[in-house]
1. For the range 102-125: of the residues being charged (D, E, K, R) and at pLDDT 95 or above, which is nearest to Phe31 (Cα to Cα)?
2. Would the range 126-138 turn up any residue that is at pLDDT 95 or above and basic (Lys, Arg)?
3. Among all residue pairs at least 6 apart or on different chains, which show Cβ distances below 6 Å where the first residue, located in the range 79-95, is in a helix (DSSP H, G or I) and the second is modelled with pLDDT of 95 or more and polar (S, T, N, Q)?
4. Provide a single number: the residues in the range 171-180 that are under 14 Å from Gly10 (Cβ atoms) and either touching a residue at least 60 places away in the same chain (Cβ under 8 Å) or exposed (fewer than 15 other Cβ atoms within 10 Å of the Cβ) (or both).
5. Assess whether Ser18 counts as being modelled with pLDDT under 90, farther than 20 Å from Glu111 by Cα and under 13 Å from the mean Cα position of the chain (by Cα).
6. Mind checking which residues of the range 35-74 are β-branched (Val, Ile, Thr), modelled with pLDDT of 90 or more and surrounded by 14 or more Cβ atoms within 10 Å (Cβ to Cβ)?
7. Among the numbered criteria (1) under 28 Å from Arg43 (Cβ atoms); (2) out of contact with any Gly (no Cβ under 7 Å at 6 or more places or on another chain); (3) surrounded by fewer than 15 Cβ atoms within 10 Å (Cβ to Cβ), which one does Phe96 miss?
8. Just one of the numbered conditions (1) on the phi > 0 side of the Ramachandran plot; (2) surrounded by 15 or more Cβ atoms within 10 Å (Cβ to Cβ); (3) more than 18 Å from the chain's Cα centre (by Cα) is not true of Gly27; which one?
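The values are calculated or read from the model by the stated rules, or taken from the named source; none is laboratory data. Keep in mind that what you see is a predicted model, and the values were worked out from it rather than measured. For neighbour counting, all protein chains shown are included, and Cβ atoms are generated from backbone atoms with ideal geometry for every residue, glycine included.
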Amino acid sequence: MNTKTIVITGGPGSGKTSIINELTNRGFTCFEEISRQITLKAREDGIEQLFLTSPIQFSELLLEGRIKQHVEAVNSKNEFVFLDRGIPDIPAYMDFKGDTYPDLFRNACKENIYDYVFILAPWQDIFTSDSERYENFDQALEIHEKLLETYTKYGYNLRDVPFGSIESRADHIINVVKAL
């Protein structure tokens with residue numbers, strides 16, 4: 001059996017983590033977003049917001065973690081593995097910030113391919129900021145556009161997830177994946 005790797009992406013505050021949690025509760029194998037872990041670890045080391053103060057270092061740590069997640073997902077014995085964000089999210093965010101970055105990020109996007117990508121549009125009604133999310137809603141809209149551009153550039157056919165309850169959004173993703 002070939003495992004299907006499925007990315008759930010979108011700008012900040014679009015509901016990705018809630019959907020990943022719902023899929024996990026339903027017994028699916030899911031990999032959580034790792035940027036919060038990196039941010040919290042940097043805070044323990046005295047760096048308040050690593051993404052803002054050292055974006056390349058932050059992005060290299062993210063890349064390392066997401067490549068590891070991709071390898072684990074591909075080698076899984078499960079039919080489906082869901083990932084909260086994928087490798088192309090990294091250059092999308094760096095493009096949003098206007099950072100230049102080495103080719104290793106582009107190469108990683110080309111070398112680590114996912115089977116399906118679902119994208120969640122920014123949703124004002126559920127958007128909140130917190131201590132790890134520094135973006136406001138207008139920035140979330142800009143990030144969404146960068147995600148669309150980046151994933152499209154790497155050849156992905158993005159599948160939209162309609163607004164609705166967490167359960168109905170998870171149902172939508174599952175139904176689409178099983179139909180593909």
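1. Asp115
2. No, the conditions are met nowhere in the range 126-138.
3. These pairs meet every condition: Asp89/Thr9; Pro91/Thr150; Ala92/Thr150.
4. The number of residues fulfilling the criteria is 1.
5. No, not satisfied.
6. Within the range 35-74, Ile67, Val74 meet the criteria.
7. Just one mismatch for Phe96, condition (3).
8. (2)
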